[in-house]
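Engineer: What follows is a structure written as structure tokens; I'll ask about it next.
What follows is calculated from the coordinates using simple rules that are stated; it is not laboratory data. Given the structure is predicted, the values throughout are model-derived calculations rather than measurements. Note that each Cβ is placed from the backbone with ideal geometry, even for glycine, and that neighbours are counted across all protein chains shown.
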Amino acid sequence: MNRNEFPRPKTRSNTLGLALGSIAFVGGSAAVTAAAYAGENQPSGYVALQPANPDLSRPIISSSIDTEGKVITQIQPQVAVINAPQLNIPNSQPEAIQGVQVPKAPVLENQQTVFTSPAIKPPENTAPPPSAPAVPVFRQVEPSLPPKAAVVVQTPKAITPDQRKAPPPPPSLQPYAKAQPVQEAKPIVESYLLPTPPLDGYRQKYTLSCEVASTKIALSYWQDRLQGVDLSEEKLQEVLGINDDPNLGFRGDYKSNPKGLQNYGANAPAIKRLVENYPKQGLFKTEILSNIEQVKAALKQNKPVLLWVTFGLNPSHDQSTNVGNLVPNEHVVVATGFVGDKIRISDPEYSNNVSGMVSESLLAQRMSLFSQPALAISPT
């Protein structure tokens with residue numbers, strides 16, 4: 001193909017917006033392939049490219065009409081066209097886009113020549129040249145973006161005045177509990193109680209027989225040792241004997257009424273001799289005590305204790321006689337335990353009985369009237 005076969009159309013640099021259109025015929029179908037624009041503000045020779053026939057195996061037959069109405073027809077193989085937006089490319093730089101082939105037009109300075117060629121009809125079912133290789137089409141693919149997560153917006157429902165409720169009141173603050181005074185720890189109360197004597201509650205038969213009656217109560221703890229033994233007041237008074245000295249026997253008549261110091265009673269030494277010798281010697285042993293502390297110590301050793309006090313624990317005084325000091329209203333009871341400062345008493349007196357828990361201080365005062373105020377009894 002030379003210049004004479006495809007004469008260059010007449011061009012004018014001062015053309016006012018004349019549009020040249022081209023129609024491409026491929027396999028009997030038509031498609032607009034290019035349009036050229038020229039004007040005062042745009043240099044001539046620019047071609048606007050659009051995508052060509054996607055079938056690259058068939059040539060493109062195009063016809064154009066020049067300014068004088070003559071038809072110019074061209075046959076050329078297809079070239080690869082980038083599927084891209086419309087671009088303006090100067091003819092002087094056809095290699096600006098890789099993969100796009102734009103033939104250079106001959107440049108004739110100071111000439112205005114119009115070449116004409118006979119009209120050529122597009123052939124039907126034109127087969128592609130065997131030597132034309134298939135050129136791949138390069139297409140710009142927009143990156144696919146992941147779908148955006150759906151955002152659900154829930155509009156709160158309107159609350160009617162009837163549905164409005166007052167907020168719950170804050171919890172009431174309870175006042176702090178008043179501090180309680182710290183109670184001092186109570187001291188441990190020492191206590192020791194013997195079993196209740198079998199004859200607890202026994203009452204003396206005679207007005208002045210409190211000594212032998214209390215001895216009988218104390219000996220009842222060991223009834224197994226005294227099986228068949230006569231422990232009557234009369235028998236015990238008989239063994240005790242009668243003596244003006246109350247330390248040696250009973251002073252006076254235990255069956256009569258008190259008459260001053262004449263009918264008096266018996267002291268601890270005389271009862272000690274009775275217990276250690278009746279019903280036989282060596283069956284029991286005794287110990288004379290002098291104060292309330294020794295009494296409590298004997299109770300801890302499971303020893304009942306005979307106490308010399310006054311009748312009904314009433315006040316009294318001692319009197320000096322030829323046989324020693326004697327105490328009017330002398331009386332004998334049995335101590336069988338203690339709790340703290342209380343002494344448990346078993347009293348055989350039938351009229352003015354003081355059985356129960358008695359203050360140890362009161363007992364100590366009444367015992368202080370006697371030189372030998374207590375006698376502890378235990379088995380051997």
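Engineer: Order the peptides 333-339, 288-294 from the highest to the lowest mean number of other Cβ atoms within 10 Å of their residues.
Structural biologist: By packing density, highest mean first, the sequence is 333-339, 288-294.
Engineer: Then there is this: Mind ordering 223-229, 262-268 by average Cβ neighbours within 10 Å, highest first?
Structural biologist: Top of the packing list down: 262-268, 223-229.
Engineer: With r defined as the distance between the Cβ atoms of SER359 and TRP222 and R0 fixed at 25 Å, what FRET efficiency is calculated, to the nearest 0.05? Write down the numbers at each step before the final one.
Structural biologist: Working: r = 29 Å, r/R0 = 1.17.
About 0.30, to the nearest 0.05.
Engineer: So what's the gap between the Cα centers of region 218-256 and region 344-366, to the nearest angstrom?
Structural biologist: Using only Cα atoms, the two centres lie 21 Å from each other.
Engineer: Can I ask one more? Based on alpha-carbon positions alone, could you give the equivalent ellipsoid semi-axes of region 191-379 from the gyration tensor, as √(5λ), descending, whole Å?
Structural biologist: Three semi-axes, in Å: 22, 21, 15.
Engineer: I want the local charge near TRP222. Using Cβ-Cβ distances under 13 Å, sum +1 for each Lys or Arg and -1 for each Asp or Glu among the other residues.
Structural biologist: The answer is +3.
Engineer: Now, a different point. Most exposed first by the Cβ proxy, i.e. fewest other Cβ within 10 Å, how do LEU326, LEU307 rank? Walk me through the numbers on the way to the answer.
Structural biologist: Numbers: LEU326 19, LEU307 25.
Least to most surrounded, the residues fall as LEU326, LEU307.
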